[in-house]
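Please treat every number below as a calculation from the coordinates, not as lab data. Owing to the predicted nature of the structure, the values given are computational and were not obtained by experimental measurement. All Cβ positions, glycine included, derive from the backbone under ideal geometry; neighbour counts span all protein chains shown.
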């Protein structure tokens with residue numbers, strides 16, 4: 001009996017990014033799969049996982065753009081986070097069970113400013129048990145659900161800014177920009193501890209990932225309502241604007257396509273590469289006026 005051909009094999013080659021405003025209540029992977037289904041993209045991935053309760057910017061990558069995922073995952077992120085004082089949960093957020101309470105449920109603006117200033121810059125953070133990190137072949141959250149707690153090593157993170165947006169009777173809203181691998185719910189727990197109380201995170205919304213702003217992100221409903229989905233597809237190089245650009249002549253471009261190093265004056269750094277028709281080719285590294293390939297995106301390049 002003949003095997004059924006997988007429908008996704010008939011999907012077109014699609015290259016670029018879509019900025020999704022991830023909805024609350026579903027995983028990042030499910031959200032990305034919904035976008036992939038709308039676009040009928042053959043190859044897809046996302047950059048920077050958001051917990052099911054979180055919302056906001058989730059760049060979805062198609063085709064060659066999936067090769068950029070590691071660059072975006074490793075970038076700084078900015079969030080709007082809501083902190084509820086006076087109760088701590090086992091998960092650190094509103095999805096967990098309350099395990100500790102404290103009478104202090106309101107802080108002064110001065111106290112908030114003083115403590116957030118102390119927590120800005122390099123910090124040591126112990127990852128939470130409810131996380132996807134591995135321990136002896138098991139995810140930590142699997143162990144946590146069994147009531148098992150294991151020792152976790154602290155990791156160095158950087159809090160670039162930790163700004164209070166609103167201080168109300170029921171919650172504090174913060175805008176927080178952090179380095180990769182930072183757990184915002186743990187940061188809020190540590191903030192509360194420094195203030196002599198406890199807390200949990202009740203909402204999280206990502207607004208920035210590296211150079212990508214969430215201003216242009218679209219919801220699943222907005223994407224489904226578009227007459228032309230291609231208008232929501234961003235070029236791959238829009239996610240790489242922190243790298244300087246260099247335009248190659250015909251010989252240089254051919255050298256790189258054939259895996260050769262080529263002469264190219266410029267500052268020692270990774271560059272975005274463009275041909276003479278301003279078509280994006282990939283990334284290259286210039287060292288001592290010699291350019292070598294870091295990553296070429298030939299499938300998408302040949303479609304231009």
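Would you work out if segment 243-303 is rounded, prolate or oblate? Take a ≥ b ≥ c from the square roots of the eigenvalues of the alpha-carbon gyration tensor; rounded if a/c is under 1.5, else prolate when a/b is larger than b/c, oblate otherwise. Prolate. Relative to the longest principal axis of the Cα atoms of the chain, the long axis of helix 184-194 makes an angle of roughly 30 degrees. Cβ-Cβ distance of residue 111 and residue 241, R₀ of 45 Å, FRET efficiency by 1/(1 + (r/R0)^6): the value works out to about 0.70. If you sort the three axes of the alpha carbon gyration tensor as a ≥ b ≥ c, you get a/c of 1.5 or more for segment 186-254 and a/b no higher than b/c, which makes it oblate. Adding -39500 (n - 2.57) for every DSSP H run of four residues or longer, then dividing by how many residues the chain holds, sets the calculated 222 nm ellipticity at -5500 deg cm²/dmol.
If you take the square roots of the eigenvalues of the alpha-carbon gyration tensor of segment 70-141 and sort them as a ≥ b ≥ c, do you get rounded (a/c under 1.5), prolate (a/b over b/c) or oblate? Show your work: numbers first, answer last.
On the way: a/c = 2.30, a/b = 1.26, b/c = 1.83.
Judged from the Cα gyration tensor, segment 70-141 comes out oblate (a/c at least 1.5, b/c at or above a/b).
Remark: spin-label model distance residue 70-residue 276 equals 3.4 nm, labels positioned 7 Å along the Cα→Cβ axis. Inter-label distance, residue 227 to residue 24: 3.4 nm, where each label sits 7 Å from its Cα along the C-beta direction. In this calculation the C-beta distance from residue 37 to residue 143 is compared with R0 = 30 Å, giving a FRET efficiency of 0.35.
In a Debye calculation with equal point scatterers on the alpha-carbon sites of segment 1-147 and no solvent, what is log10 I(q)/I(0) at q = 0.09 Å⁻¹? Results for segment 1-147 at q = 0.09 Å⁻¹ read -0.44. For the chain, what is the Kirkwood hydrodynamic radius in Å, using each pair of distinct C-alpha atoms? Roughly 21.7 Å, rounded to one decimal.
The long axis of helix 109-118 is offset from the longest Cα principal axis of the chain by roughly 50 degrees. Under a Gaussian network description of the chain, with springs only between Cα atoms under 10 Å, the residue in 76, 173, 110 that fluctuates furthest is 110.
For the listed peptides 11-22, 288-299, a ranking on the average number of other beta carbons within 10 Å per residue, highest first, reads 11-22, 288-299.
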